[in-house]
């Protein structure tokens, strides 16, 4: 057996022990850390952590001697945390924390070196009162409003007649009964896709968000209703949760908020596409009333019949007025008048044409007379004759022919052939005969 020398990490005659790993990541089976080193390092690291303010709900509180213990649960998720509280911290509180109280706690992580136990130590506890809640909600409301989540242009229009309605509400709740009953009374053929969730407490926010996202992804769902039958401010806090508000804003399906009564105003009302004062009001606003629509159709049909009758009466009166005019009362009168005009103009044209023809005839007769008076035939009719020599030329001088020449003599009626037997010339002393 190897003898250990006190105060030395090794043994006499044993090999030199390797140096400890400087970091946890460098440890190995051959070179592990002593437990005390790990605990010391953890305590040193945890002691460097800053104190932090956390918010939660007290679900358990046990007051003991010097140290009391309470358990906090997250307001939205199923997570809890045990916290140690010294009596001096509790003594500073106006009232002792009760189970179900909404508190804000300043905690600091503490590691017990000898026991190796991690605990959270409360340095201060403050109850969240109604005024604090309202102030925080108003700050969140203002922040979301500044981001444009409540802007009217982002509101989606609800369909006139949804084929299927997604309903998110508590299991077997009055809100579910009110919505289904009143919607069915108004429109019997309406269909629902119902998701029962927690509507208050820690599980409300994640369950409502999950149900809404599931319905939003269903193409058959035309509108989503989130309904609850009112409650205290604390009960309605999930419907002012920022994660839920942003999830509703990102939904593509129109969302109707039907949370609480007329006086309740969770932030969900601001971001929803339609705010209904109650679940019953939501049912009335998401589906039309069958009887009212039937009455509306009858009224519109009556209005249409009346308008058509008035139009026909007005047109009939106009037609009767037109038919009462003389031109339609005696249609042939217009033709007779035009026929008389045609006859008049025909007579005028005939007379005008006759005058023109007669004038032209007189002109022709005058010209004919002039032509006849200048015609050689007219001269021949007075006893003159045209004598042509053998070459066909007119004989104007006796000197141009000689005895024996054959002449052709044209008279008023016919021709005469003659031979020249003798010619005689005029006395030069006599004046010449005009031709």
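The values are calculated or read from the model by the stated rules, or taken from the named source; none is laboratory data. All of these numbers come straight from a predicted model, not from anything done at the bench. Here Cβ is always computed from backbone atoms with ideal geometry, including for glycine, and neighbour counts include all displayed protein chains.
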Being outside any helix (DSSP H, G or I) and either out of contact with any strand residue (DSSP E or B) (no Cβ under 9 Å at 6 or more places or on another chain) or closer than 30 Å to residue 173 by Cα (or both), is that true of even one residue in region 329-338? yes
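For a quick check of your reading: which strands (runs of 3 or more DSSP E) sit entirely within region 359-435 and have at least 2 residues that are exposed (fewer than 10 other Cβ atoms within 10 Å of the Cβ) and more than 60 Å from the chain's Cα centre (by Cα)?
Numbers: elements: 386-388, 406-410, 415-419.
In region 359-435, the matching strands (runs of 3 or more DSSP E) lie at 415-419.
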Any residue at all in region 144-160 that's on the phi > 0 side of the Ramachandran plot and in contact (Cβ under 8 Å) with a residue 24 or more places away in the chain? no
For residue 179, are the conditions met, namely being in contact with a strand residue (DSSP E or B) (Cβ under 7 Å, 6 or more places away or on another chain), in a loop (DSSP other than H, G, I, E, B) and crowded, with 20+ Cβ neighbours inside 10 Å? no
Name every residue in region 222-246 that is closer than 16 Å to residue 277 by Cα, surrounded by fewer than 23 Cβ atoms within 10 Å (Cβ to Cβ) and touching a strand residue (DSSP E or B) at 6+ places or on another chain (Cβ under 7 Å), in order of residue number. 236
So the strands (runs of 3 or more DSSP E) completely within region 101-170 holding 2 or more residues that are loosely packed, with under 14 Cβ neighbours inside 10 Å are 117-127
Taking residue 195 as the residue in question, decide whether it is farther than 30 Å from residue 79 by Cβ and not in a helix (DSSP H, G or I). no
Only residues that are within 60 Å of the chain's Cα centre (by Cα), surrounded by 13 or more Cβ atoms within 10 Å (Cβ to Cβ) and either outside the structural domain of residue 97 (by TED's automatic domain parsing) or in a helix (DSSP H, G or I) (or both): list them for region 35-57, please. 46
Quick one: residue 211 ticks every box in (1) in contact with a strand residue (DSSP E or B) (Cβ under 7 Å, 6 or more places away or on another chain); (2) in a helix (DSSP H, G or I); (3) surrounded by 22 or more Cβ atoms within 10 Å (Cβ to Cβ) except a single one, so which number is it? (3)
Of the conditions (1) in contact (Cβ under 8 Å) with a residue 40 or more places away in the chain; (2) not in a strand (DSSP E or B), the single one that residue 226 does not satisfy is (2)
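Among the residues of region 250-303, how many are in a helix (DSSP H, G or I) and either within 13 Å of residue 239 (Cα to Cα) or free of Cβ contacts under 8 Å to residues at least 24 places away in the same chain (or both)?
Step one: of region 250-303, the residues in a helix (DSSP H, G or I) are 250, 268-271, 279-286, 290-303.
Narrowing the set further to residues that are either within 13 Å of residue 239 (Cα to Cα) or free of Cβ contacts under 8 Å to residues at least 24 places away in the same chain (or both) leaves 250, 268-271, 281, 291-303.
Looking only at that region, the number is 19.
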Any residue in region 384-399 that is closer than 17 Å to residue 416 by Cβ sitting within a Cβ distance under 8 Å of a residue that is loosely packed, with under 12 Cβ neighbours inside 10 Å? List the pairs, counting only those 6 or more apart or interchain. 385/416; 386/376; 386/394; 387/394; 388/394
Hey, does region 72-86 have a residue that's surrounded by fewer than 14 Cβ atoms within 10 Å (Cβ to Cβ), in a loop (DSSP other than H, G, I, E, B), free of Cβ contacts under 8 Å to residues at least 24 places away in the same chain and touching a helix residue (DSSP H, G or I) at 6+ places or on another chain (Cβ under 8 Å)? no
